[in-house]
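Scroll down for the structure; my scribbles are underneath it.
The values are calculated or read from the model by the stated rules, or taken from the named source; none is laboratory data. Bear in mind that the values here come from a model prediction, so they are computed numbers and not experimental data. Cβ atoms come from the backbone with ideal geometry, glycine included; neighbour counts cover every protein chain shown. These area figures cover heavy atoms from the full protein model, side chains too; ligands, DNA and RNA do not enter into them. Shrake-Rupley method; radii C 1.70, N 1.55, O 1.52, S 1.80 Å.
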Amino acid sequence: MDIGTISLVLMLGLLLLLAIGMPLGLASAILAVAVLVMRFEPELLLAPWTFGDGVLTGRPGSGPLNILAQRIYGLLTDYVLISIPLFIFMAALLERSGIAKEMYSSLNVWLNRTRGGIAIVTSIMAVIMAAMSGIIGGEVVLLGLIALPQMLRLGYNQNLAIGVICASGSLGTMIPPSIVLIIYGLITETSIKALFTASFIPGFMLATFIIIYIIIRTQLRPEDAPLPEPDENEPAGSEKGMLFLAFLTVVVAGFAAALMLRAMFFEFSGSNAAATGEQARFGTAPFITYFGVTLAVALGLIFGVFGRARTALGWSMGKGLVPPIVVIGVVMGSIYGGITGITEAAGMGALAVFIIALFRGEASFDLVWESLMRTLKSTGTIIWVTIGATALAGAYTIAGGPTYVADFIVGSELPTMAVILFMMLILLFMGAFMDWVGIVLLIIPVFLPIVLRLPIEEIGLFGELNPRHVAIWFGVVFCMNMQVSFLSPPFGPAAFYLKSVAPPHIQLTDIFKGFLPFIGIQLIALSVLLMWPPIVSILL
C-alpha cells in the first residue's frame, strides 16, 4: 500500500480512536501495528487466516519489528528519562508540604497593598515553582488551593482569578527545568541544556506579558481587583521597601558566604589541580576575593544601614522565599555550574526539598508515600503514552512517512513562513485534542526534518537564526504552542486541574471563559518567537 493512503488512514484512525475514548498509548500502539501491516504485509488484511509469510511474520526477530523494538528500548533506557519521575516526585513533595504555602504568604506580604497584587503574587509564585520542578498539573492544583480562595474572598473578578492561575500555572512548560523540553530533547537528540538556556528569555517574556496584563487591567478596572483592608500593624511605604532590601541583603550575604566557602574548598584542597586540568567554575582564587567583598558589603549594610532589628523583621517577613530559592539554586546551579547533568540535578532537587521539609518538621511517612504514589501514577501515564506514540512514530518513519510529508510540503513551493504557520495551526489544533506527550512523539519527528530543510534566511522576519540553533528554536516554539494547548477548549487540561479544586459554583464553561485573554497573550508571545527567532540564541 502506498504511503499516501497509509497517511490518510493513520490520521482518520487516530481521530476515530481518540473520539471513542481510547487511551492515546493504546490507540498509538494499535495504529503502529496497522501501519506496518499496510506497508510491509498487506495480505494479512486480505487473508488474516494465513498469518502471512512476508517481512513481518516470515522472519521473526528481524526487519521492521526489530527496528521498532530497538527504538522503543533505546528511548526507555535513556539515562535522562530518569529525571522525569524525579522532577515529578519533587513537585509532589512541594505540593504536599507547607513550603509553597509559606512562599505565597511571604510574597503576599510585599505586594498586598498593590492593585492586583494577589494576582501578581500568584504569577510570580508560578514562575518560582516552574523553575523548581517543571510540572504543570501540580502547579495549577496548588495555586487553585492557595490563591483562588484568597482572590475570591477579596472580591477579585472571577475570570481574572481563573485565568491568572491557569495561565501562570502552565508556565512550567516553558521555564526550565521543563519536562516538555526534556522529552523533546530525547526525541530529537537535541542538547537539553541548550534547550533550557534558550527557553529562559521566552519563558520569562511570557510571564512578564501576563503580569503586565494584570497591571494594566486592574488599573483600568479597579473593581476587578479590590485592595484589602489596611492592617495598622503592617509597615507601609518606604519602610516596607527598606525591610525588603534588608531581606534581600541577608539572602545575598548567605549565598556569598556559601560560594566563598565553596571556592576556598576547591582552591585549598587542590581540587583545581586535578589530572583533568579543569578548574571548578566560580571556584578559583579570584572568586574567593569577589565573594568575600560581596559578603563584607552585605554585612556592612545589615549592621551599618538597616540595623539588626529592621533586618530581623525583614527576614521574618520574607523567609518563606528562601527554601524555593535554595531549591532553584541546587537544581539550576548544579546544571549550569557544570557540577551534574539533568538527571542528577533532579535527584538533588528532590533531596533538597525533602531535607527542607525535614527541618520544617513536615517530613513524614505519609508525605513520602503520597508523593511516591503521585509520582508512580504520573510517570506511568507518561511512559505508556511514550511507548505507544514512539511505536507509531517509529512505524510511520520506517514506512517512509516523514520523507513523504517533507517532500509534499517542501515541493508545494509555499513560502517558508507559510509552511511554519501551517505547522503552528496543526500543533494548535492537535493541542486542543491530544496530550503534549503524544504530540511531541508523533508530530515533531515529522515536522522537525521539514524545518531543517527550509531556507534558514527565510525563517522569521527580524534577524537571522544560526543554522546550529534551528532545532533548538523549533523546540522552544513547540513548547510555546503547548502553553496554548493547556488552555485550549474543549480538552484544555488546565481547566480540569482547576475544576478538581475549585468551588462548586465555578463550572467548566466559566473556567474556559476566563482563559480567553490569556490565550491571546500566549499567541502574542508565540508571534514574537516566529517573527524574531534569534531571541532563543541570546543566552546560547
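Taking the stated definitions as given, is Leu448 assigned to a helix (DSSP H, G or I), in contact (Cβ under 8 Å) with a residue 60 or more places away in the chain and open to solvent by less than 40 Å² (accessible area, probe 1.4 Å)?
Numbers: assigned to a helix (DSSP H, G or I): yes; in contact (Cβ under 8 Å) with a residue 60 or more places away in the chain: yes; open to solvent by less than 40 Å² (accessible area, probe 1.4 Å): yes.
Answer is yes for this residue.
Looking at (1) part of a loop (DSSP other than H, G, I, E, B); (2) open to solvent by less than 60 Å² (accessible area, probe 1.4 Å), which one does Ile519 not meet, given that it meets all the others?
Going through the list (1) part of a loop (DSSP other than H, G, I, E, B); (2) open to solvent by less than 60 Å² (accessible area, probe 1.4 Å), Ile519 breaks only (1).
Residues in segment 221-244 that are among the acidic types (Asp, Glu), modelled with pLDDT under 80 and surrounded by 12 or more Cβ atoms within 10 Å (Cβ to Cβ): how many?
Final tally of qualifying residues: 1.
Whether any residue in segment 427-442 is open to solvent by 50 Å² or more (accessible area, probe 1.4 Å), within 19 Å of Leu14 (Cβ to Cβ), under 19 Å from the mean Cα position of the chain (by Cα) and not hydroxyl-bearing (Ser, Thr, Tyr) is what I want to check.
yes
Of the conditions (1) in contact (Cβ under 8 Å) with a residue 12 or more places away in the chain; (2) assigned to a helix (DSSP H, G or I), Leu227 satisfies every one except a single condition; which number is it?
(2)
Inside segment 406-418, can you point out the residues that are in a helix (DSSP H, G or I) and over 29 Å from the mean Cα position of the chain (by Cα)?
Initially, segment 406-418 is screened for residues in a helix (DSSP H, G or I), giving 406-410, 416-418.
Those that are in a helix (DSSP H, G or I) and over 29 Å from the mean Cα position of the chain (by Cα): Asp407, Phe408, Ile409, Val410.
In this structure, is Val536 in contact with a Ser or Thr (Cβ under 8 Å, 6 or more places away or on another chain) and part of a helix (DSSP H, G or I)? Before you say what the answer is, go through the steps one by one.
Numbers: in contact with a Ser or Thr (Cβ under 8 Å, 6 or more places away or on another chain): yes; part of a helix (DSSP H, G or I): yes.
Considered against the rule, which asks whether it is in contact with a Ser or Thr (Cβ under 8 Å, 6 or more places away or on another chain) and part of a helix (DSSP H, G or I), Val536 comes out as yes.
I'm trying to understand the selection: among the residues of segment 1-25, which are in contact with a helix residue (DSSP H, G or I) (Cβ under 6 Å, 6 or more places away or on another chain) and open to solvent by 80 Å² or more (accessible area, probe 1.4 Å)?
Met1
Where residues in segment 181-191 are farther than 13 Å from Cys479 by Cα and touching a residue at least 60 places away in the same chain (Cβ under 8 Å), which of them is surrounded by the fewest Cβ atoms within 10 Å (Cβ to Cβ)?
Of everything passing the filter in segment 181-191, Ser191 is surrounded by the fewest Cβ atoms within 10 Å (Cβ to Cβ).
Scan segment 14-39 for residues that are in a helix (DSSP H, G or I) and among the β-branched types (Val, Ile, Thr) and jot them down. Spell out the reasoning first.
From segment 14-39, those in a helix (DSSP H, G or I) are 14-19, 24-39; that's our starting set.
Listed by number, the residues that qualify are Ile30, Val33, Val35, Val37.
Evaluate segment 270-282: report whether one residue or more is in a loop (DSSP other than H, G, I, E, B), of a type in the set (Val, Ile, Thr) and without any contact (Cβ under 8 Å) to a residue 24 or more places away in the chain.
yes
Quick check, is Met205 within 30 Å of Ser178 (Cβ to Cβ), modelled with pLDDT of 90 or more and either open to solvent by 40 Å² or more (accessible area, probe 1.4 Å) or in a helix (DSSP H, G or I) (or both)?
So Met205 passes the test.
Is at least one residue of segment 451-461 in a helix (DSSP H, G or I), of a type in the set (A, V, I, L, M) and either in contact with a Ser or Thr (Cβ under 9 Å, 6 or more places away or on another chain) or open to solvent by 30 Å² or more (accessible area, probe 1.4 Å) (or both)?
Here is the first cut: in segment 451-461, the residues in a helix (DSSP H, G or I) are 451-453, 456-458.
Those left that are additionally of a type in the set (A, V, I, L, M): 451-452, 456.
If we keep only those that are either in contact with a Ser or Thr (Cβ under 9 Å, 6 or more places away or on another chain) or open to solvent by 30 Å² or more (accessible area, probe 1.4 Å) (or both) as well, we get 452, 456.
Yes, some residue in segment 451-461 is in a helix (DSSP H, G or I), of a type in the set (A, V, I, L, M) and either in contact with a Ser or Thr (Cβ under 9 Å, 6 or more places away or on another chain) or open to solvent by 30 Å² or more (accessible area, probe 1.4 Å) (or both).
Among the residues of segment 49-64, is any surrounded by 15 or more Cβ atoms within 10 Å (Cβ to Cβ), modelled with pLDDT of 80 or more, more than 23 Å from Tyr404 (Cα to Cα) and not aliphatic (A, V, I, L, M)? Before you say what the answer is, go through the steps one by one.
Narrowing segment 49-64 to residues surrounded by 15 or more Cβ atoms within 10 Å (Cβ to Cβ): 52, 55-57, 63-64.
Applying the additional criterion that residues be modelled with pLDDT of 80 or more yields none.
No, every residue in segment 49-64 fails to be surrounded by 15 or more Cβ atoms within 10 Å (Cβ to Cβ), modelled with pLDDT of 80 or more, more than 23 Å from Tyr404 (Cα to Cα) and not aliphatic (A, V, I, L, M).
Do we have any residue at all in segment 413-423 that's under 19 Å from Leu15 (Cα atoms) and buried (at least 19 other Cβ atoms within 10 Å of the Cβ)?
Yes, some residue in segment 413-423 is under 19 Å from Leu15 (Cα atoms) and buried (at least 19 other Cβ atoms within 10 Å of the Cβ).
State whether one or more residues within segment 98-109 are at pLDDT 85 or above and over 13 Å from Leu321 (Cα atoms).
No, the conditions are met nowhere in segment 98-109.
Which of the residues that make up segment 268-309 are at pLDDT below 85, closer than 21 Å to Gly329 by Cβ and open to solvent by less than 70 Å² (accessible area, probe 1.4 Å)?
Those that are at pLDDT below 85, closer than 21 Å to Gly329 by Cβ and open to solvent by less than 70 Å² (accessible area, probe 1.4 Å): Ser271, Ala280, Gly283, Thr284.
Among the residues of segment 159-180, are any assigned to a helix (DSSP H, G or I) and surrounded by fewer than 20 Cβ atoms within 10 Å (Cβ to Cβ)? Let's see the steps before the verdict.
Narrowing segment 159-180 to residues assigned to a helix (DSSP H, G or I): 159-173, 179-180.
Still in the running and surrounded by fewer than 20 Cβ atoms within 10 Å (Cβ to Cβ): 159.
Yes - at least one qualifying residue is present in segment 159-180.
What's the total number of residues in segment 66-110 that are surrounded by fewer than 17 Cβ atoms within 10 Å (Cβ to Cβ) and free of Cβ contacts under 8 Å to residues at least 60 places away in the same chain?
Within segment 66-110, residues that are surrounded by fewer than 17 Cβ atoms within 10 Å (Cβ to Cβ) and free of Cβ contacts under 8 Å to residues at least 60 places away in the same chain number 7.
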